[in-house]
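The values are calculated or read from the model by the stated rules, or taken from the named source; none is laboratory data. Everything numeric in this text was worked out from a predicted model, so none of it was measured. Glycine gets a Cβ as well: all are built from the backbone with ideal geometry, and neighbour counts include every protein chain shown.
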Amino acid sequence: MRRIPTVVLLVKAPRLGAVKRRLAAGAGDVAAWRFYRATTASVIRRLSGDRRWRLRISVTPDRLAHGTRFWPRGVARMAQGAGDLGQRMARAFTMVPPGAAVVIGGDVPGITKALIGRAVALLGAHDAVFGPARDGGYWLIGLSGKCKHPGLFRGVRWSTAHALGDTRARFDRRHRVAIIESLDDVDDAEALGRHVRAESRRSESRRRA
C-alpha cells in the first residue's frame, strides 16, 4: 500500500507584535502582522484538500496549536515544541506518519501546489529535496521515509547565507539530493516592497487579460 506523503507547514500564531520581527523593524508591527496573517492563510488554502499529500500545521507557541481562533477547521495541527529552528524541524519530521515528508515555512508567498507536487514527486526517487531561498537558506526541505536521521540539523547556522550549505553538508555521495525552484521569503521592508509591487503587477495583468 502506497504511503501518502505529509506536508508540514511551520507557522507562528499570527498575533500582532509577535511575528516577522525583522520585517516589523522596518515596516511596522501592523504591516508585518497583516503580511504574515494573509500569507499563512493563503498557503493553507492552496495546499489543503490535495489528495497527493496530507497537510499538517506545526504551530508555535504550543498553547495556540489547537482551537480555531487562528486556524481553519479540518486541518490537522500539532505543537512545534521547544528549541531552535533545527530542533523544531527535526521534531516535525519525527511526529508525522511513516513515509516521505516535506517541511515548509509559512512566510513564503510564492508557494504553490505545483511546487509542492514537484517536491513530493522527486522524493519517489531521491533521499532529499531542497527549495533554496535567495538569501542562502531554504524554504522547503523534503526527506524520504528512509532519510530522517536525527542529526541532520545540528550545527546549521540559521538565518545566515550558510544555512542551505550547512544542511546539505550532512548528506554524502550515497544520498540522492534534488533541488527545485528558488523562492523569496519576506524578512524585511525591502523584500515586502518587492512583494507588494509584484502582486500589483500580477493584479494589473489579470485585469487586462
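A few remarks follow.
- Taken as a whole, the structure leaves residue 114 outside the set of residues that are crowded, with 18+ Cβ neighbours inside 10 Å, without any contact (Cβ under 8 Å) to a residue 40 or more places away in the chain and under 22 Å from residue 134 (Cα atoms).
- Subset of segment 170-205 (residues that are of a type in the set (A, V, I, L, M), touching a His at 6+ places or on another chain (Cβ under 9 Å) and closer than 30 Å to residue 145 by Cα): 177, 178
- In the condition set (1) small (Gly, Ala, Ser); (2) more than 16 Å from residue 5 (Cα to Cα); (3) in a helix (DSSP H, G or I); (4) touching a strand residue (DSSP E or B) at 6+ places or on another chain (Cβ under 7 Å), residue 119 is compliant with all but (2).
- Selected residue (criterion: nearest to residue 20 (Cα to Cα)) from residues of segment 137-153 that are at pLDDT 90 or above and assigned to a loop (DSSP other than H, G, I, E, B): 137
- Meets criteria (of a type outside the set (Asp, Glu), out of contact with any strand residue (DSSP E or B) (no Cβ under 8 Å at 6 or more places or on another chain) and farther than 21 Å from residue 115 by Cα) for residue 69: yes
- Hits in segment 20-52 - residues which are part of a loop (DSSP other than H, G, I, E, B) and within 15 Å of the chain's Cα centre (by Cα): 20, 48
- Among (1) farther than 24 Å from residue 113 by Cβ; (2) surrounded by 13 or more Cβ atoms within 10 Å (Cβ to Cβ), the one test that residue 190 misses: (2)
- Considering segment 117-165, the residues that are in contact (Cβ under 8 Å) with a residue 12 or more places away in the chain and among the basic types (Lys, Arg) include one that is surrounded by the fewest Cβ atoms within 10 Å (Cβ to Cβ), namely 146.
- Segment 168-182, subset surrounded by fewer than 13 Cβ atoms within 10 Å (Cβ to Cβ) and over 19 Å from residue 158 (Cα atoms), residue nearest to the chain's Cα centre (by Cα): 172
- Number of the condition not met by residue 185 [criteria: (1) crowded, with 18+ Cβ neighbours inside 10 Å; (2) in contact with a Ser or Thr (Cβ under 6 Å, 6 or more places away or on another chain); (3) among the charged types (D, E, K, R)]: (2)
- Sole residue being in contact (Cβ under 8 Å) with a residue 12 or more places away in the chain and buried (at least 21 other Cβ atoms within 10 Å of the Cβ), chosen from 93, 70: 93
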